[in-house]
Amino acid sequence: MSSIADALRLTGGTVDLASIDTDAAPGYDGDKASGTAALAAMEPELAELQERLFAEGRSGGERSVLLVLQGMDTSGKGGTLRHTVGLVDPQGVRISSFKAPTEEERSHDFLWRIERALPEPGYLGVFDRSHYEDVLIARVRELAPPEEIERRYDAINDFEQRLVDGGTTIVKCMLHVSAAEQRERLLARLDDPTKFWKYNPGDLDERALWPAYREAYQVALERTHTEAAPWHVVPADKKWYRNLAVGTLLLDALRGLDPQWPAADFDVAAERRRLEQEEPVA
């Protein structure tokens, strides 16, 4: 599966999202059935590695993982959470979603609220939308002056480097969906009363700005793709491939950390004797 990670990782330089096929399955030559089965087969190892990381954090370890999911509306951030992050124990997961900043958040630097949501040692943190909103929608909707947007790219790079230096492995995924696929998914929400709650009329306003968002994403990817925190562009028209790809990237990150079960900080034999010799509880 490492071929998927290699195929999705940006190589640096100019990014042209129009040239990246949203309906492709880079690094994988199987079909939907085999891809779905491959994701399910990851569960035992993925769950064990995540539990080891959690145990490590509870025992004084300082490492963590941060999964950053960015993408246009309907690109599948929620579906990715269910199908990939849902494979691990939720007690070791912290999910944060960043909407429009509150009045308090606007009174601070844009990274202030992000800092408050970072995963603690041992945790898998997930950002369903992230600090990148502040150079995406903020750029497209002109919510900040151009010079402030420009400052934020470097601030993000410095911030992520600091996280990595402190023991956080960052996995950044741009879920790349096509305008045609987004239209079909929005229509599907209007066709199904159980999905009305997922439909936001404002999505059409954002959709009208598709070219501007594509440009904003390209600039953000180019400016914040670093060795410490590289970007992966995940074709998202095929939901099964999207899930498999993000699951593979997450598994690769945990394998790279290779967390181990903490050794006992007590006398195991003595504790066993205590239990074996205790009086029966009435």
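The values are calculated or read from the model by the stated rules, or taken from the named source; none is laboratory data. Small disclaimer: the values here were computed from a predicted structure and weren't measured. With ideal geometry, Cβ positions are generated from the backbone for all residues, glycine too; neighbour counts draw on all protein chains shown. Just so you know, the surface numbers come from the protein's heavy atoms only, side chains and all, with ligands and any DNA or RNA stripped out. Shrake-Rupley method; radii C 1.70, N 1.55, O 1.52, S 1.80 Å.
So, with +1 on the Cβ of K and R and -1 on the Cβ of D and E, and no other charges, what is the size of the charge dipole of the stretch 16-108 about its Cα centre, to the nearest 20 debye?
Using Cβ point charges on Lys, Arg, Asp and Glu, the stretch 16-108 gives about 300 debye.
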Inset, instruction - Would you kindly work out the equivalent ellipsoid of the chain from its C-alpha gyration tensor and give its semi-axes, the square roots of five times the eigenvalues, largest first in whole Å? - result: 36, 23, 19
Inset, instruction - Only residues of the stretch 24-63 count here: report those whose backbone N is under 15 Å from the spot 7 Å along Cα→Cβ of ASP252, or say none. - result: 25-29
Inset, instruction - Rank PHE159, ASN200, VAL281 by how far each Cα sits towards the positive end of the charge dipole of the stretch 155-282 (+1 on Lys, Arg Cβ; -1 on Asp, Glu Cβ) and give me just the farthest. - result: ASN200
Legend entry - Full-stretch length increase - ASP23, ARG151 - with 0.36 nm per residue and alpha-carbon distance subtracted: 42.7 nm
Legend entry - Entries in LYS172/LYS195; LYS32/LYS77; LYS195/LYS239 that, when Cα-Cα distance is taken, lie over 21 Å: LYS172/LYS195
Legend entry - Solvent-accessible area per residue for the chain (1.4 angstrom probe, square angstrom): 52 Å²
Legend entry - Estimated vicinal HN-Hα couplings, Hz - the stretch 77-85 in sequence order (Karplus 6.51, -1.76, 1.60; Gly, Pro = x): 4, x, x, 5, 4, 5, 8, 10, 4
Inset, instruction - Please report, largest first and rounded to whole Å, the three semi-axes of the ellipsoid equivalent to the stretch 86-133, where each semi-axis is the square root of five times an eigenvalue of the C-alpha gyration tensor. - result: 23, 11, 8
Legend entry - Helix-only [θ]222 nm of the chain, DSSP H runs n ≥ 4, -39500 (n - 2.57) each, per residue, nearest 500: -15500 deg cm²/dmol
Inset, instruction - Restrict the search to the stretch 210-282; then list the chymotrypsin sites (Phe, Trp or Tyr not before Pro) that DSSP places in a loop and that have at most 14 other Cβ atoms within 10 Å of their Cβ. - result: PHE266
Legend entry - ASP6 paired with GLN218, simple spin-label distance in nm, labels 7 Å along Cα-to-beta-carbon: 2.8 nm
Legend entry - the stretch 99-154: trypsin sites (Lys or Arg not before Pro) in DSSP loop, at most 14 other beta carbons within 10 Å: LYS99, ARG116, ARG141
